[in-house]
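Beneath this line is the structure, given in structure tokens, with notes to follow.
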Amino acid sequence: MKESQEFSSAVGPDMTATLRAGYRPNAWMTDLQNNIGHKRIWQLSLPGAHNSGMDRAAGYSNSYITCQHDSFSYQLNSGIRALDIRLKYYAGVSTPSLRFRHEHSQDSGRTLWDTMHAVHWFLEYNPGEIVILDIHEINTQQSPAAYRELLDYLMGEHGWKFIPRAAANMTLNQIKEAYPRRRVILAAPHELSSLNATYIWPKINHQWVGSGLVSVSRLYGHIESVMRNPPAAGALWSMSATCYSILGVEGIPSELNNWYRARSEWQMKSNIINVDFFGSSNLVANCIESNLVK
């Protein structure tokens, strides 16, 4: 009970403002069901947390690896609906859910158990929401058996939450009618998704500027190029709108507020928008408002 009570109070910074606008960040899909229920998940603008397991409240953080302000609970309650996940396998740990840890060059101390625990409690309090778990990378330490171990844990403990891949072209209303207890889309690389093509969706198409230092101007040029001819409709895709300098991960709230204004061209063409330190910008509110007119 203590953990669930703590989770229920982990709300983001824009709660009061968004309540006045007619929706709650922790339950915006529920509150706007009448407006967006006829849409498919790949038609929505979904705020995403890039490297979601690398946050300042984790066991370890520094300016080069940390990408978010606070925990998974904070992210979900603040309106994030896609968690960008990068995992590393540690064979020597006794419990399967703790063997997979979040990493961005270094281990933050967050585990897959932390992720699934937060998602579970979030959906307990907000059963009308849909959460995308975008497992973007899995470093298995060259242990092929790790994929089967990961599958067994996810399906054994949480399989009842997963929306089948066959629902990809259903509307939100249809998904909720056909699968009333399933609220999680799990997408993963082929090594994992091929082990269960029924409940694990294919790896999400990530649009990313590339390795190395990423300045604001370089990022803008990349996004502009992609938006001229965005990925085809019919599948989930994401844009990593993130910058990295010699000082480490950079938050760019002013740029995000401008580039992804509510109802703007880039908003209307986007699906998942993955950003760092999302709480410093208006991204969540702008995505939600854009969904009203998409």
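Each value in this text was obtained by applying a stated rule to the coordinates, not by laboratory testing. All values reported here derive from a predicted model rather than from experimental measurement. Note that each Cβ is placed from the backbone with ideal geometry, even for glycine, and that neighbours are counted across all protein chains shown.
Quick notes on this structure:
- Debye intensity ratio I(q)/I(0), log10, the stretch 94-210, q values 0.13, 0.19 Å⁻¹ (C-alpha model): -0.53, -1.12
- Residue pairs, from the table K161/K294; K203/K294; K161/K269; K39/K176, whose Cα atoms sit over 21 Å apart: K161/K294; K203/K294; K161/K269
- Amide hydrogen neighbours beyond the local backbone of Q207, cut-off 5 Å, H modeled: S238, M239, S240
- Part-to-part distance (alpha-carbon centres) for the stretch 187-265 and the stretch 279-294, which is given in Å: 16
- Volume per residue that the Cα convex hull of the stretch 2-291 spans, once the total is divided by residue count, Å³: 125
- The chain: DSSP helices with Cα axial extent of at least 27 Å and average Kyte-Doolittle hydropathy no lower than 1.0: none
- Sorting the segments 133-146, 65-78 by their mean number of nearby beta carbons within 10 angstrom, highest to lowest, gives 65-78, 133-146.
- Highest-fluctuation residue, R81, R40, R218 considered, GNM on the chain with Cα pairs under 10 Å: R218
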